[in-house]
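**Q** Quick one: the structure is below, questions incoming.
The values are calculated or read from the model by the stated rules, or taken from the named source; none is laboratory data. Predicted model, so just to flag it, every value in this text is computed and none were measured. Here Cβ is always computed from backbone atoms with ideal geometry, including for glycine, and neighbour counts include all displayed protein chains. Surface accessibility is based on the protein's heavy atoms, side chains included, excluding ligands, DNA and RNA. Shrake-Rupley method; radii C 1.70, N 1.55, O 1.52, S 1.80 Å.
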Amino acid sequence: MANLSLFTDDRIVRLHDALLVEYGPPPVREPWPPLRQFVYSMLSSRTKTEVSHEVLYALERYFGTWEKVRDASYEEVLRIVTPATFPEAKARDLQKALRRITRQNHGQLNLDFLHGQPESRIRKWLESFDGVGPKTSAAVVNFSTIRNSALVIDSHHQRIAERLHFVTEGTPAKVTEEKLREMAPADWGPEMLDDHHRLVKLHGQQRCTKLDFERNCGKCPLLDMCPTGENIISSRGMRRS
Ligand code: SF4
């Protein structure tokens, strides 16, 4: 009988192991309450990580509670979130979301009731909010104290999945997540999926950047499994190092 394991697609495991050797294990995460993670992830869309953190901390410093953010004037919230991209939409969507959560959670403003609920139900509900897509819903499920299985696909992760030909260019993030989770070993739990995302994101920030990445391909730890890098090396007559 044929050994089926011979035909297993182990590229995601090889990718993970190579990045682990290159960058070392990501720091242990201290998961946040789901509402704080939700707010942060809403703010972080198309915004640099440092800026998103600054805006989150500024909101917390200035208002003190999420109830005060919810009840403040739009202009006041807008002023604080302005360093983030698309601040008008984010201030509006954030306040709308905080009001709706309060209404649907019997007057309480938190997302603690999501603990223990199935991933698919949580994500469907979160994605019904304006300004919330699969990246934010996955972050709430995976990074917060909910700590369930989900794989966050941000722009770095999407770009690298495309360059490695795990998915074709332009594949929606939700489909990319489904494909990568199919490729991932069944025993990769929430922490492993979190680590995997952070390693890939780091590689996207440091080496496989959006622009001007070609000069890094020759020394990239993923070159042996990367069709894009192989093409660049051969078309430019570059040498591997
Ligand atoms: S070989 Fe080049 S394109 Fe491929 S992952 Fe590395 S840096 Fe990105």
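**Q** Would you kindly identify the helices (runs of 4 or more DSSP H) lying entirely within segment 1-108 that contain at least 2 residues that are touching a Lys or Arg at 6+ places or on another chain (Cβ under 7 Å)?
**A** 34-43, 74-81, 87-104
**Q** Could you look through segment 183-241, keep only residues that are hydroxyl-bearing (Ser, Thr, Tyr) and closer than 19 Å to residue 156 by Cα, and pick out the one that is farthest from the ligand (Cβ to nearest atom)?
**A** 209
**Q** Could you please let me know if residue 176 is of a type in the set (Val, Ile, Thr), open to solvent by 50 Å² or more (accessible area, probe 1.4 Å) and more than 9 Å from the ligand (Cβ to nearest atom)?
**A** When the stated conditions are applied, residue 176 does not pass them.
**Q** Going by what's in this entry, would residue 71 be described as surrounded by 14 or more Cβ atoms within 10 Å (Cβ to Cβ) and touching an Asp or Glu at 6+ places or on another chain (Cβ under 6 Å)?
**A** No.
**Q** Would you call residue 203 touching a His at 6+ places or on another chain (Cβ under 6 Å) and of a type outside the set (Val, Ile, Thr)?
**A** no
**Q** Give just the number: which of (1) touching a Ser or Thr at 6+ places or on another chain (Cβ under 6 Å); (2) open to solvent by 10 Å² or more (accessible area, probe 1.4 Å); (3) not in a loop (DSSP other than H, G, I, E, B) does residue 124 not satisfy?
**A** Looking at each condition in turn, residue 124 falls short on (1).
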